[in-house]
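The next block holds one structure in the form of structure tokens; read it before the comments.
The values are calculated or read from the model by the stated rules, or taken from the named source; none is laboratory data. Quick caveat: nothing in here was measured; it's all calculated off a predicted structure. So basically every Cβ, Gly included, is an ideal-geometry build from the backbone, and we count neighbours across all protein chains shown.
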Amino acid sequence: MARVIDERVNNDLAPLKERLATIGDLHSAASVLAWDRQTYMPEAGVRGRAEQLATLARLTHEMLVSSETGRLLSDVSEREPGSDDAALLRLARREHGRAIRLPARLVEETSRATALAEQVWIRAREESDWPLFAPHLERVLALKQEEAGYLDAEHPYDAMLDRFDPGASTQRMRTMFDELKEGIVPLVRDVSARLANDRAAPLRGEFDESAQEAFGRNVITSFGYDWSRGRQDRAVHPFCINFGDPDDVRITTRFDPECLSVALFATCHEAGHALYEQGVDPAYSRTPLAGGVSMGVHESQSRLWENLVARSRPFWTYFHQKLRDAFPGILDGVDLETIYSAVNAVRPSEIRTEADELTYDLHVLLRFELEVELFEGSLTVKDLPKAWNAKMEEYLGISPKNHALGVLQDTHWADGYFGYFPSYTVGNVLSVQLFDAAVEERPEILPEMEVGEFGSLLEWLRTNVHRYGKKYEPDDLIQRATGRPPETAPYIRYLSTKFGELYDLG
Ligand code: ZN
């Protein structure tokens, strides 16, 4: 008898799962179009592509909010707490609950407006033309503010944060940034007082692009990036993208022929995202459980490989000779300590994606504060460049030479990704907490890194983070993996120790 009931209970999920799989497919198809738009599409294709994406966004939305989906979600019997199916139901109900509050017109219009804004942003950034981009940003912001209105959160910006980091709030982010400001600002000040020579100089020169590409590919192959389930292309703004299953996870990078660190660290960063996606339980494919759980946890993976690994002494113990071999005649005589110090050179600069580890979070803090002000209505798009430059001066002591190096540098606002930036800092914080837990449990990780092996590290991440996809809420996942709730103290400690040693702060 029990068996008969079990089968009935299991089967009553099937129609819902099928519907969710279709919704997932539509979403994945849109992602393929978005990947193409950012890699190979001729610029003239922008209007047609914007329409295609808007249509897919509308169809996805219509299916998600339809009464049929609503009926399937409410008819299904409850699942055992802690099971995959219970998590699937929780996620599907949350998505449905969020979507049902947004008019289809708004979703479609946002998709179209952001596709156009992104294409305009590329040109505006190239030509440092703020007036070209400003009206598009105004349009995107107005749509996102309208969205926040429909979602009716405690603070309008909460609605933005929640999309990328379920459970995050403006208040919680403020607390995190306050703690970091207190720890990082004095450290930046102390280090800045010791910036006599340019430690990053060895990374600048003439570096053949194909040699850079080959070196980067070797590095991420050793990390465990599976090329049979991925590929790497070029993009203005590097990204990682997936299509709802771990068997096709693509990355992009960009090259600067005069600076070695741009492509290398972008490649390691995006590979970190990709390792996460490639490691999700394949059984979750085409379900709401597929993919990384939040952008904060996602960034913890990219930053872990970029910083805790690729900017570490153990990593360069092995790779410094490989790097010299890759660029004969250019890096001859550059030893381990010189490279280690070069890849960790602190230099307050304009561009977030090229920022050193120590000043990085100040770039994020600036964006977080501006976004909150935009959503609170105390700042307008028109005044954004001025506000940007003032904060750059306040936190980093520099004024951007032009808008391309300032307010126009990121694609996120064009994409409507307000609320995304704090994920980078959440990721930094979590990356250290996770790495510490991994090394504590598997002390062989560090000596393995010194010989160019990363198997134990990847295995720990796969076991404790990757495979779960979206099954656990972010805080729950971190608690399970590290035995502690998310906390900033280990991260501040890590920065103080690393840069204290590098800059002889005593
Ligand atoms: Zn990232």
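Here are some notes:
- Filter pass, ILE445 being crowded, with 20+ Cβ neighbours inside 10 Å and either farther than 30 Å from LEU141 by Cβ or over 20 Å from the mean Cα position of the chain (by Cα) (or both): yes
- Looking at PHE215, PHE207, just one residue is touching a Lys or Arg at 6+ places or on another chain (Cβ under 8 Å) and closer than 30 Å to GLN321 by Cβ, and that residue is PHE215.
- Test: residue in region 359-382 that is at pLDDT below 95 and basic (Lys, Arg): no
- Among the residues of region 76-104, those identified as in a loop (DSSP other than H, G, I, E, B) and not aliphatic (A, V, I, L, M) are SER77, GLU78, ARG79, GLU80, PRO81, GLY82, SER83, ARG101, PRO103.
- Tally, over region 393-451, of residues that are part of a loop (DSSP other than H, G, I, E, B) and of a type outside the set (S, T, N, Q): 23
- Near pairs, Cβ below 8 angstrom, 6+ apart or cross-chain, from region 299-319 (β-branched (Val, Ile, Thr)) to any residue that is not in a helix (DSSP H, G or I): VAL309/PHE454; THR317/GLU450
- Yes/no for GLU393 being more than 16 Å from the chain's Cα centre (by Cα), under 26 Å from LEU195 (Cα atoms) and not hydrophobic (A, V, I, L, M, F, W, C): yes
- Qualifying residue in region 288-301 (condition: more than 16 Å from the ligand (Cβ to nearest atom) and touching a Leu at 6+ places or on another chain (Cβ under 8 Å)): yes
- Members of region 144-198 found to be among the small types (Gly, Ala, Ser) and assigned to a helix (DSSP H, G or I), listed by number: ALA148, GLY149, ALA159, GLY183, SER192
- Only one of LEU405, LEU434 that is more than 16 Å from the ligand (Cβ to nearest atom) and either at pLDDT 95 or above or crowded, with 18+ Cβ neighbours inside 10 Å (or both): LEU405
- Residue satisfying condition, being hydrophobic (A, V, I, L, M, F, W, C), closer than 30 Å to GLU473 by Cα and modelled with pLDDT under 95, within set ALA168, ALA196: ALA168
- Candidates LEU430, LEU457, LEU495 - the one that is touching a residue at least 24 places away in the same chain (Cβ under 8 Å) and farther than 25 Å from GLY244 by Cα: LEU495
- Taken residue by residue, region 237-254 has at least one member that is surrounded by 17 or more Cβ atoms within 10 Å (Cβ to Cβ), free of Cβ contacts under 8 Å to residues at least 60 places away in the same chain, under 25 Å from SER456 (Cβ atoms) and more than 15 Å from the ligand (Cβ to nearest atom).
- Matching residues in region 396-448 - criterion: being under 22 Å from ARG123 (Cβ atoms) and among the basic types (Lys, Arg): LYS401
- Given (1) closer than 22 Å to PRO486 by Cβ; (2) without any contact (Cβ under 8 Å) to a residue 40 or more places away in the chain; (3) more than 13 Å from the chain's Cα centre (by Cα), index of the condition GLY279 fails: (2)
- Residue check for ALA263: part of a helix (DSSP H, G or I), within 16 Å of the ligand (Cβ to nearest atom) and surrounded by fewer than 24 Cβ atoms within 10 Å (Cβ to Cβ): yes
- The one condition in (1) within 16 Å of the ligand (Cβ to nearest atom); (2) at pLDDT 95 or above; (3) more than 30 Å from ALA87 (Cα to Cα); (4) basic (Lys, Arg) that ARG313 fails to fulfil: (1)
- A single entry from GLY452, GLY416, GLY427 fulfils the requirement of being on the phi > 0 side of the Ramachandran plot, of a type in the set (Gly, Ala, Ser), in contact with a Lys or Arg (Cβ under 7 Å, 6 or more places away or on another chain) and modelled with pLDDT of 95 or more: GLY416.
- Cβ-Cβ contacts under 7 Å between residues 6 or more apart (or on different chains), taken from a first residue in region 375-396 that is in contact (Cβ under 8 Å) with a residue 12 or more places away in the chain and closer than 21 Å to ASP129 by Cα to a second residue that is in a helix (DSSP H, G or I) and not hydrophobic (A, V, I, L, M, F, W, C), are listed as VAL381/GLU138; PRO385/HIS403; LYS391/GLU369.
- Top-ranked residue of region 223-236 - restricted to ones that are within 19 Å of GLU126 (Cβ to Cβ) and in a loop (DSSP other than H, G, I, E, B), ranked as nearest to the ligand (Cβ to nearest atom): ALA235
- The one condition from (1) surrounded by fewer than 21 Cβ atoms within 10 Å (Cβ to Cβ); (2) more than 16 Å from the ligand (Cβ to nearest atom); (3) of a type in the set (Gly, Ala, Ser); (4) closer than 29 Å to ARG367 by Cβ that GLY333 does not meet is (4).
- Test set (1) more than 14 Å from the ligand (Cβ to nearest atom); (2) within 30 Å of HIS403 (Cα to Cα); (3) under 13 Å from the mean Cα position of the chain (by Cα); (4) not polar (S, T, N, Q) - PRO348 fails condition number: (3)
- Of the helices (runs of 4 or more DSSP H) lying entirely inside region 454-506, those containing at least 2 residues that are surrounded by fewer than 21 Cβ atoms within 10 Å (Cβ to Cβ) and of a type in the set (Val, Ile, Thr) span 489-502.
- Single condition ALA271 does not satisfy, out of (1) more than 13 Å from the ligand (Cβ to nearest atom); (2) farther than 20 Å from HIS412 by Cβ: (1)
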